[in-house]
Amino acid sequence: MIGAVEMRHLRRCVELAAQALDVGDEPFGSVLVAGDGTALSPVPAVS
C-alpha cells in the first residue's frame, strides 16, 4: 500500500510532468527520495 509520504512524492512528480508539458517538453517528472522519505533535491515550483 502507498503511504502518505510516497503519495506526496508521486503528486510532485505529476506536477513536474505537467510543468514540463506546459513549456513544450516531454511530460516526465521525478523526485529523488532518501530511504527515510526525505526529498533529496527538491525542485521549486515554476511560476
Item to check | Residues of the stretch 20-37 satisfying the condition of being closer than 21 Å to GLU6 by Cα and either of a type in the set (Asp, Glu) or in contact (Cβ under 8 Å) with a residue 24 or more places away in the chain (or both) | outcome: VAL33, ASP36, GLY37
Checklist entry - Would you pick out the residues in the stretch 25-40 that are small (Gly, Ala, Ser), in a loop (DSSP other than H, G, I, E, B) and either surrounded by 13 or more Cβ atoms within 10 Å (Cβ to Cβ) or modelled with pLDDT of 95 or more (or both)? => result GLY29
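The values are calculated or read from the model by the stated rules, or taken from the named source; none is laboratory data. As the structure is a prediction and not an experimental result, all values here were calculated from the model. Every residue, glycine as well, gets a Cβ built from its backbone with ideal geometry; the counts of neighbours run over all protein chains shown.
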